[in-house]
Structures are given as structure tokens and as C-alpha cells.
1. Which residues, taken from region 25-41, are surrounded by fewer than 24 Cβ atoms within 10 Å (Cβ to Cβ), in contact with a strand residue (DSSP E or B) (Cβ under 8 Å, 6 or more places away or on another chain) and not in a loop (DSSP other than H, G, I, E, B)?
2. Determine whether ARG48 is surrounded by 18 or more Cβ atoms within 10 Å (Cβ to Cβ), under 15 Å from LEU209 (Cα atoms) and among the basic types (Lys, Arg).
3. Please find, among LEU112, LEU120, LEU64, LEU68, the residue that is farther than 24 Å from GLU134 by Cα and in contact (Cβ under 8 Å) with a residue 24 or more places away in the chain.
4. Any idea how many residues of region 138-191 are polar (S, T, N, Q) and in contact with a strand residue (DSSP E or B) (Cβ under 6 Å, 6 or more places away or on another chain)?
5. Looking at ILE204, ILE187, can you tell me which residue is closer than 19 Å to PHE233 by Cα, more than 17 Å from the chain's Cα centre (by Cα) and touching a residue at least 12 places away in the same chain (Cβ under 8 Å)?
6. Report, by residue number, each residue of region 56-78 that is closer than 16 Å to PRO107 by Cβ and either of a type in the set (Asp, Glu) or outside any strand (DSSP E or B) (or both).
7. Residues being among the β-branched types (Val, Ile, Thr) and over 14 Å from the mean Cα position of the chain (by Cα): count how many of those fall in region 60-85.
Amino acid sequence: MTAKKGKEIERSFSVEGSPYIGIFAACTESLLLLPLNAPASLAVELGRALKVAVIKTYIADTSLIGCLVMGNSNGFIVSQYTQDSEIERIIELATEEGFKGIINRLPDSDRLSAAGNIILANDAVALVHPSFSEEAVEVVKDTLDVEVYKGTLSGLNTVGMAAVATNKGVLAHKDATREELEFLEQIFELPVDIGSVNFGVPAIGSALLANSKGYAAGNETTGAELGRIVDAFGF
């Protein structure tokens, strides 16, 4: 895992040699979860870009944290396959950083497990996979302390990978329909824009980490795409 050297060192990154950093990491307003084997230099650079404390862990004994976790300032939703020891580690380290939220798994009864892929959230609102059970909706609502809605983006159920939401704006899949974008504006009550990452990839969440203080993108993201990110989130 290395940070790109040069002009974009604090904005463009790779993780495990991949530009799809959103698959391997998850961030909130104050915390960034990175795989245990992430080098210290990467943790420092990402922490600086996002202005957050960094916690290293695995989720479900894998490095695919971004796929399996969705969090905000109030808590984290994790895959039902997350180990007790992993949750305990996150709580212990996060508490040291002043985190007072909670961590809950998705319900065991749900067939949906990749929380980061299927939940789009900021500190006030969440959009979730249309097939979420009512039990799963309640877990999201209670853990993240948000209003929860069901929907799609570009017809995709994986809304957590199709967009990124902060407390300042939403950047969505470039092929999202007008109706979907209007729905996002209605529920989040924030500016909504469309874009791409990693030289045209529309799955925004796969290669973008962002909060209201900063952002980090995959190292194949172009200057024009970075400009769209800056505009969308008001940096």
C-alpha cells in the first residue's frame, strides 16, 4: 500500500497496489479504518488528507473494510461476519480518539452483508439497498442515528459504491437518473452532483474517501475528476 508521490501526494492514493481505495478503507468525520497491514506512511498521509485519526483493523478477517463497513459520527454498521475481536479492537481504539458511538452488525437473518456497498450515509440520512429487511433498516437507523430511505442509483442496488455522501454534499454515479438525483437532493437536503473516479469509473464509492474536511481519491483519478470532487463537496 503506497501513497502516490508528487503533486497529488495528499489526495491521490493506492491501497495494496490498487487505485480502488474505497474498497479497502472507510472514513467518518473523525475516524478512518484501514487494514492492519497498511504501512505507517499511508496511514499518516490519508489521516492528513481527511483530518482524521486512523484505526487499523480487519473486518471479517479481510482487508475489504470499505465493502464491509459504513459509518458516521454516531456509529458503524459492519458485516454480520465481523469477528467479536475486531469489533472490540475498533471500539477500544476509537474510544481513545473520543468516539462515543456504537458498532452493530447487520442482522444475521439478512442475506445482505457488504454494509459499505449497500449503505450510503452521512450524519443525518442513509439510503440503503431496496431489499433491506425492516430489521436491517432499524439497525441502520438506531446505530447511525439517521433517517433511512430505500433506493437505487443508476438502477444499482449497491448505493454505497455508487455514491459518496458527506455533511456538505453528495457525489453520485454519472449515469444516475434525474429522478434518482432529485430523490437524493430531497432526502439529504444537500447539493448533489455526478462524476467519476479512476479515469472514468462511475462507482464513486470504490475509489473515493471523503468527509466535510477533506478527501482522498484513487491514484488513477484525473485532474478533471478531482475538480468535480472539490466542487461537489465544497472544498
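1. Selection gives PRO35, SER41.
2. For ARG48, the condition - surrounded by 18 or more Cβ atoms within 10 Å (Cβ to Cβ), under 15 Å from LEU209 (Cα atoms) and among the basic types (Lys, Arg) - is not met.
3. Result: LEU64 is the single residue among LEU112, LEU120, LEU64, LEU68 that is farther than 24 Å from GLU134 by Cα and in contact (Cβ under 8 Å) with a residue 24 or more places away in the chain.
4. Number of matching residues: 3.
5. One residue alone meets the criteria, ILE187.
6. ALA60, LEU68
7. 2
A quick yes/no check of all residues on (1) at pLDDT 95 or above; (2) not in a helix (DSSP H, G or I):
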site	(1), (2)
ALA43	yes, no
VAL54	yes, yes
GLN80	yes, yes
GLU88	yes, no
ASN104	yes, yes
ASP110	no, yes
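The values are calculated or read from the model by the stated rules, or taken from the named source; none is laboratory data. Since we're looking at a predicted model, the values are computed, not measured. Quick reminder, even Gly has a Cβ in these numbers, built from the backbone with ideal geometry, and neighbours come from all protein chains shown.
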